[in-house]
Amino acid sequence: MPELKKKIKFIIDRFSMIYEFWCDYCNYRRWNYNNPKVVTRAAQESKMLRQTHMIEKGMSLSEPRKGFGQQKIAVLFEMMDQYLKMGYPSDGMPFQDAIIVLNAYVDMQKGLGYENAAMVEKLKTYDTYRIDGLTAGIKYDTRANLMSNIDKPFPEFFYSRHSMRQFESKSINIEDVEKAIKIAQKAPTACNRQASKVYLYKDKATNDALGELIAGNTGFQQEVPNYLVVTADVSAFYDTFERNQVYVEAGLFSMALVEALHYYGIGSCILQNGEYYKKNKKFKEICKNIPENERIILFVATGYYKNEFSYAMSLRKNVEDVFIVK
Ligand SMILES: Cc1cc2nc3c(=O)[nH]c(=O)nc-3n(C[C@H](O)[C@H](O)[C@H](O)COP(=O)(O)O)c2cc1C
């Protein structure tokens, strides 16, 4: 290509990149659920699911706090009332999940010697909407029972992985992680570019510093022996239309990774990386050697399963709500 043509193409590409990122910005600004104009059923349900998850997550810790989350529950009640006021269906999974988890919370708190009479009364007002037969909240389990699923047919194995927020205190064995990563490498990867990487830090000081800065580990930070840092290399991609491929790549890779860790008896919990520029700089400082061209996509809290533990059941939506055939 003659030099001039090359230069013109380069300039057009740069403008096209600005335009596409601008469109991303406009779309996200318009449709993220913090925008009061967003009143879709999906947005209301996502808010409720997230709020409910905060409660089930608090219940799934090794030592749930007596009376935790009262403020969060008050907000969840507001969301539920708002949802009904908007005329959305009470028999949908998110609304039912909220009712069931809150009832499980009341039972658990009674066991801890805590009861908020006003909250219990308010919760009773939703009894008329409750559908029998659904279970949600937390489940108590044993390592032996959980691991009995690893040689079972795929669906049973797959259903037996749960995000863990309780771990044995010993560090994870590097050989076990390596075996799991070898499996995760079989995840689909855009044009076989294999842009994902995993960083593990053997020293306690780095893991503790990561634990301090990560946002989603509140309440179980002290139990995490090791974090895995999953990155994807931006320089593996070449054009504006590939700008989100780092997330797709590392997302698929991480999915395979947590399943493989489970296979080798390592519990895990994916933790979001709050995408703020300054915070990411701090993460990079803690992680010392992660090059600038690699983006930290997420963290994985890892540790061996305890002999006895509990986990959040995190009920799923009905398949009809996520599989649309037209
Ligand atoms: C992208 C992503 C970010 C997540 N971030 C957090 C987090 O910050 N803290 C946490 O405790 N769990 C986090 N999770 C775990 C989810 O809460 C969990 O996958 C969900 O509730 C479903 O439960 P399950 O994994 O046990 O099936 C995250 C999961 C994903 C996929």
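Observations on the structure shown:
- Here the Karplus relation 6.51 cos²θ - 1.76 cosθ + 1.60, evaluated at θ = phi - 60°, turns the backbone of the stretch 257-267 into coupling constants of 5, 5, 5, 5, 4, 4, 4, 9, x, 9, x Hz, with x for every Gly and Pro.
- Contact order normalised by residue count of the chain, Cα under 8 Å, 6+ apart, percent: 23 percent
- Residue 326 paired with residue 252, simple spin-label distance in nm, labels 7 Å along Cα-to-beta-carbon: 2.5 nm
- Across the options 232, 287, 270, the greatest Cα extent toward the positive end of the charge dipole of the stretch 217-294 (unit charges at beta carbon of Lys, Arg, Asp, Glu) belongs to 287.
- Using every pair of separate Cα atoms, the Kirkwood estimate puts the hydrodynamic radius of the stretch 141-310 at 16.5 angstrom.
- Taking amide H as placed 1.01 Å from N in the peptide plane, the amide H of residue 306 sits under 5 Å from that of 168, each at least 5 places away or on another chain.
- Percentage relative contact order, the stretch 154-290, counting C-alpha pairs under 8 Å, at least six apart: 38 percent
- Computed over the Cα atoms of the chain, the ratio of the radius of gyration to the Kirkwood radius (Rg/Rh) comes to 1.00.
- Largest GNM mean-square fluctuation among 278, 306, 72, using the chain with Cα springs under 10 Å: 278.
- Residue among 227, 28, 140 with the largest mean-square fluctuation in a Gaussian network model of the chain, springs linking Cα atoms under 10 Å: 28
- Nonlocal amide H pairs with residue 164, under 5 Å, H built at 1.01 Å: 268, 269
- Dipole in debye (nearest 20) - the chain, about Cα centre, beta carbon charges: Lys, Arg +1; Asp, Glu -1: 900 debye
- For the stretch 28-42, 3J(HN,Hα) per residue [Karplus equation, 6.51 cos²θ - 1.76 cosθ + 1.60, θ = phi - 60°, Hz, x = Gly/Pro]: 5, 4, 6, 10, 5, 6, 6, 6, x, 6, 8, 10, 5, 4, 4
- Under 19 Å from residue 85, Cα to Cα: aspartates and glutamates that are on another chain or at least 8 residues apart: 45, 97, 127
- The separation of the stretch 280-298 from the stretch 143-174, counted between C-alpha centres, amounts to 29 Å.
- The stretch 255-325 - Rg and Dmax from Cα coordinates, angstrom: 16.8, 48
- In this simple spin-label model, placing a label point 7 Å from the Cα along the Cα-to-Cβ direction at both residue 107 and residue 43 gives a separation of 3.6 nm.
- Only protein atoms count toward the accessible area here, which uses a 1.4 Å probe; on the stretch 141-310, the carbon and sulfur part of that area reaches 54 percent.
- Cα shape, the stretch 229-271, gyration tensor, a/c 1.5 rule: prolate
- Per residue, the accessible area of the stretch 206-326 comes to 50 Å² when a 1.4 Å probe rolls over the protein heavy atoms.
- Surface accessible to a 1.4 Å probe, per residue, for the residues of the stretch 41-136, Å²: 49 Å²
- 16 Å cut-off, amide nitrogen to a point 7 angstrom out along residue 317 Cα→Cβ, residues in the stretch 39-57: 39-53
- Computed from label points 7 Å out along Cα-Cβ, the spacing between residue 307 and residue 65 is 3.0 nm.
- 19 Å Cα-Cα reach of residue 186 towards aspartates and glutamates, excluding residues that sit fewer than 8 places from it in its own chain: 175, 176, 178, 233, 249, 259
- Partners for residue 179 among lysines (Cα-Cα distance below 23 Å; same-chain residues under 8 apart left out): 152, 170, 197, 202, 204, 306
- For the stretch 41-136, convex hull of alpha carbons as volume per residue, Å³: 89 Å³
- Taking the stretch 27-57 and a reference point 7 angstrom along Cα→Cβ of residue 116, the backbone N atoms nearer than 13 Å belong to 55.
- From phi via Karplus (6.51, -1.76, 1.60), per-residue ³J(HN,Hα) for the stretch 76-89 in Hz, x at Gly/Pro: 4, 4, 4, 5, 5, 5, 4, 4, 5, 4, 6, x, 7, x
The values are calculated or read from the model by the stated rules, or taken from the named source; none is laboratory data. These numbers come from a predicted model, not from an experiment. Here the Cβ is made from the backbone with ideal geometry for all residues, glycine too, and neighbour counts use every protein chain on show. Calculation scope for accessible area: heavy atoms of the full protein, side chains included, ligands and nucleic acids excluded. Shrake-Rupley method; radii C 1.70, N 1.55, O 1.52, S 1.80 Å.
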